[in-house]
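Notes for the one structure printed next.
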Amino acid sequence: MAEILLSLTIIGVVAAITLPSLTGNINERTWNTQRKALYARFSQAIALMPSLNGYGTLSATEDTAAETFVTEGLAKVLKINNICDSEHLADCGIPSTITPLDGGASGGQMTLANMKTLTAFNSIMGSVSGHTVTGGGTSSVPYNYSQMDTKAAAFETVNGESILVYYNPNCRPYTGSGTGYDVLIADQPHMCANFVYDLNGNKGPNTVGKDIGFISALYPSDPVVVAPVPALRSAGAASQRDAGKLCKAQDSESRVPNIEEVSAILYNKPLVGIQPSTIWSSTLVSDSKGSLQAWSMSFHSARRCPYDVNREGIQVWCVKR
């Protein structure tokens, strides 16, 4: 009897140690599968829309932009069960609090109060103050951009996901590569729609990187849809040529994000948390002299800027493959 009790005790201790890890691994695989399936559905749906801008009314007295984008745009190409306005987001399963990727180290949890409008969610989407960079003489280019704030909307899919929608009806196409240190492109105009998804509605853990994530659609025609899952922290500083090595050293399953994925991380700064000031992308461009450059993103000024791929000291923020 004593031997049986001892054996059961040992089994119980081992189970108590291993069960949480096994459960966590199962949840992780389930979320990854759901995330990829949701991204595939959104990519296919948005590709069927003729354009992503121009939906609804947006004025100083009326804002129907996000709701109309869902009802008149997405609902025609995506199966949707329930649609909620900015005052009733919880009715579509949007959780009352969301824990950012960094666990709240940069400012605590997101709440419904700061999810109701585009700029309440992320103040950098409202405007960037005028700034001038001068290089190679007296040439200078200001980058300043502002847009009217828009109310959020939400909907539930037939698969049970809850989706929070931020919409910019005045989003602009990408008109050229742009090279040289004087070419500064504010990134906010490129965002047409930003979606924050909860894979299991109000059920926990309501944490970014687990059941919570984001999908961004850029450019009104020929849209690019991305759903990056950022690493928890920077992989370090390096030249763009060495950025991939830092990602592999941090995690063999990670890579350097392209410029649209970096943009999506910018749009969702509050959900990600602490970030370096400027990070590399994997998107390359040649300047007028044929030198190879890569796009970087400033998270302070919300601008894209090309730098020589050999330039050292810029941070590398990796994403999962």
Checklist outcome for this item: Of all DSSP beta bridges with both partners in segment 28-320, the antiparallel percent, nearest 5, is 95
Next on the checklist: Please compute the contact order of segment 28-320 in relative form: average sequence separation of alpha-carbon pairs under 8 Å and at least six residues apart, divided by the residue count, as a percent.
Outcome noted: 19
Checklist entry - In cubic angstrom, how much convex hull volume per residue do the alpha carbon atoms of segment 28-320 span? => result 126
Item to check | Charge-dipole axis of segment 28-320 as Lys and Arg at +1 and Asp and Glu at -1 on Cβ define it, positive-most pick from Val262, Ala193, Ala153 | outcome: Val262
Checklist outcome for this item: Phi-derived 3J(HN,Hα) across segment 275-288 with the Karplus relation (6.51, -1.76, 1.60, θ = phi - 60°), rounded Hz, x for Gly and Pro, is 9, x, 5, 9, 10, 6, 10, 8, 7, 9, 8, 9, 7, 5
Next on the checklist: Modelling each spin label as a point 7 Å along the Cα-to-Cβ direction, I'd like the Asp91/Arg241 distance in nm, to one decimal.
Outcome noted: 5.9
Checklist entry - Can you run phi through the Karplus equation (6.51, -1.76, 1.60; θ = phi - 60°) for segment 298-308 and list ³J(HN,Hα) in whole Hz, with x for Gly and Pro? => result 8, 8, 8, 9, 6, 10, 8, 8, x, 10, 4
Checklist entry - Which lysines, on any chain, are close to Lys210 with Cα under 23 Å apart, when same-chain ones fewer than 8 places away are left out? => result Lys36, Lys116, Lys248, Lys269, Lys320
Checklist entry - Within a Cβ distance under 15 Å of Gly108, other residues only, what is the Lys/Arg minus Asp/Glu net charge? => result 0
Next on the checklist: Can you order the peptides 36-49, 109-122 by their average number of other Cβ atoms within 10 Å per residue, highest first?
Outcome noted: 109-122, 36-49
Checklist entry - At a Förster distance of 25 Å, what's the computed FRET efficiency of Met148 paired with Asn81, Cβ-Cβ distance as r, to 0.05? => result 0.25
Next on the checklist: At 7 Å along Cα-to-Cβ for each site, give me the label-to-label distance between His300 and Ala60 in nm.
Outcome noted: 3.4
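No value in this document is a laboratory result; all are computed from the given coordinates. These figures come from a predicted structure and were not determined experimentally. With ideal geometry, Cβ positions are generated from the backbone for all residues, glycine too; neighbour counts draw on all protein chains shown.
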